[in-house]
1. Select, from 404, 333, the only residue that is surrounded by 19 or more Cβ atoms within 10 Å (Cβ to Cβ) and under 30 Å from residue 462 (Cβ atoms).
2. Condition check: more than 21 Å from the chain's Cα centre (by Cα), part of a loop (DSSP other than H, G, I, E, B) and not assigned by TED's automatic domain parsing to the domain that holds residue 35. Does residue 94 satisfy that?
3. Only residues that are surrounded by fewer than 24 Cβ atoms within 10 Å (Cβ to Cβ), more than 13 Å from residue 347 (Cα to Cα) and out of contact with any helix residue (DSSP H, G or I) (no Cβ under 8 Å at 6 or more places or on another chain): list them for region 261-276, please.
4. Specify which of the listed residues (359, 340) is within 30 Å of the chain's Cα centre (by Cα), over 20 Å from residue 159 (Cα atoms), assigned to a loop (DSSP other than H, G, I, E, B) and in the same structural domain as residue 279 (by TED's automatic domain parsing).
5. Condition test on residue 340, is it out of contact with any strand residue (DSSP E or B) (no Cβ under 6 Å at 6 or more places or on another chain), under 19 Å from residue 265 (Cβ atoms) and either crowded, with 19+ Cβ neighbours inside 10 Å or touching a residue at least 60 places away in the same chain (Cβ under 8 Å) (or both)?
6. Would you call residue 21 on the phi > 0 side of the Ramachandran plot, crowded, with 17+ Cβ neighbours inside 10 Å and assigned to a loop (DSSP other than H, G, I, E, B)?
7. Would you confirm whether or not region 317-329 contains a residue that is within 28 Å of the chain's Cα centre (by Cα) and either more than 19 Å from residue 107 (Cα to Cα) or buried (at least 19 other Cβ atoms within 10 Å of the Cβ) (or both)?
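The values are calculated or read from the model by the stated rules, or taken from the named source; none is laboratory data. Computed from a prediction, not measured in an experiment: that's the story for all the values here. Using ideal geometry, Cβ is built from the backbone for each residue, glycine included, and neighbour counts are taken over all protein chains shown.
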């Protein structure tokens with residue numbers, strides 16, 4: 001998934017079926033399934049139980065633009081297949097291949113066909129505007145995610161997705177928990193290729209006025225320096241099937257902003273058919289020439305495309321407007337090829353997906369997959385939008401911010417030496433050195449001034465923590481901030497020491513049973529994190545639990561551990577509890 005900057009970040013999500021302590025190992029070299037050979041690794045920053053799954057999300061940052069990254073997920077039980085993704089370019093002169101659509105809820109064969117098209121086209125990003133499932137139930141989502149694996153190419157490439165909410169998602173939380181979107185109300189903006197394209201994801205299930213309207217206008221004001229503006233949301237303002245109601249509030253509140261700020265393209269869904277309009281402008285003047293249902297043609301207006309068809313029952317295309325360019329009823333997804341000068345819009349009919357050929361990384365911008373069944377709009381299979389503001393477009397400057405290359409912490413003579421390296425420093429910047437015992441509550445223990453404005457030159461820094469207390473676990477975090485205290489980037493590191501003079505409670509368990517019984521007595525219900533480490537200080541178990549107040553026993557599945565000694569650490573609300581573990585066989 002893409003949550004913010006698609007050139008330098010990416011989020012990887014998975015369902016952790018079994019095992020513990022999963023981490024994503026990744027890098028720019030393809031090392032297959034040899035996790036230890038990858039240069040980077042990260043633990044999931046967000047874990048949530050939802051829809052019968054144990055969803056983990058690892059948010060990768062400080063990535064290089066337009067670069068392939070290979071990765072595996074490794075836990076206590078093994079290593080996944082090797083997959084890869086490619087960050088988006090940070091250049092407005094690049095091309096973007098975008099597949100978009102929605103409504104995949106209950107016709108599985110049609111849904112699978114559309115997913116197969118994704119693997120064959122190899123887009124840079126997928127826009128999915130809601131109604132993934134019919135009832136938002138556990139088993140539907142699990143089957144949907146199983147089917148989504150069909151978007152993965154033969155060589156393991158996964159296309160990122162931007163998701164919106166539809167009316168068959170019972171709450172915003174469904175989209176948040178499945179796709180880790182950056183806003184709890186599921187409306188957010190993402191900028192591609194330094195101003196080439198800005199996507200505004202809206203939520204037609206929330207009030208169109210109020211908070212969302214204020215956000216939309218502020219986002220549009222902030223992004224006037226982009227070449228193309230595209231909005232995606234679920235309900236169409238004016239459906240092209242008589243079986244759907246008009247969405248007057250969408251037209252009344254969003255329509256004027258679309259025209260005022262020049263949104264050139266809008267993706268709508270919900271009706272389960274195909275449409276493309278002429279550029280139109282919302283108006284309340286019924287006397288205007290060509291007026292129909294609150295819109296008139298205007299060459300400076302918005303082209304509306306849609307309306308679903310990723311795998312839901314098709315509906316009749318029987319509600320043409322005076323400004324409709326073409327409409328039809330069939331399973332389909334839209335394919336956009338975006339450049340600074342134009343957007344080429346194609347509609348792919350998906351029923352023959354198994355017969356369609358595969359594109360490659362080298363030809364995906366200039367070739368059609370063999371046997372692609374394209375919808376004809378009139379006599380043409382391509383509708384082209386020309387960038388009328390091309391001559392006045394002013395590209396954004398490259399956003400090169402300070403990057404922390406590495407950080408480390410080592411104990412020596414009762415002190416901790418925290419060190420880090422940085423590059424691309426900005427003027428008058430500083431580094432905050434922060435410390436925590438649980439990654440929840442952080443305290444700033446030092447501020448170190450950067451060299452500043454160092455271009456590509458690598459800088460090295462260190463700080464001695466004289467207040468470190470022997471015998472605990474500490475996390476250190478380095479934050480780079482500018483002169484206005486705005487956070488530029490951050491990186492965490494961990495240091496652990498062992499106190500031989502502190503006696504801890506020892507828990508014994510039988511390795512054959514594979515179950516460790518942990519007794520707890522909490523004053524209130526809260527979320528606790530349990531971690532187990534071996535004698536080499538390697539984490540071999542990690543799990544989050546919601547624990548109720550009172551005395552209770554939690555069974556921990558440690559069947560993957562061998563007999564021997566381990567350290568268990570339980571943390572919650574700033575507290576840390578440590579226990580010694582001894583796993584023995586029956587003979588001992």
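1. On the way: 333 fails: under 30 Å from residue 462 (Cβ atoms).
That would be 404, the only listed residue that is surrounded by 19 or more Cβ atoms within 10 Å (Cβ to Cβ) and under 30 Å from residue 462 (Cβ atoms).
2. Judged against the criteria, residue 94 is a match.
3. Passing the criteria: 262, 264.
4. Criteria check complete, one pass: 340.
5. yes
6. yes
7. Filtering region 317-329 down to residues within 28 Å of the chain's Cα centre (by Cα) leaves none.
No, every residue in region 317-329 fails to be within 28 Å of the chain's Cα centre (by Cα) and either more than 19 Å from residue 107 (Cα to Cα) or buried (at least 19 other Cβ atoms within 10 Å of the Cβ) (or both).
Here's the yes/no breakdown for (1) in the same structural domain as residue 41 (by TED's automatic domain parsing); (2) at pLDDT below 85; (3) at positive phi; (4) touching a helix residue (DSSP H, G or I) at 6+ places or on another chain (Cβ under 7 Å):
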position	(1), (2), (3), (4)
526	no, yes, no, no
536	no, yes, no, no
552	no, no, no, no
561	no, yes, no, no
569	no, yes, no, no
573	no, yes, yes, no
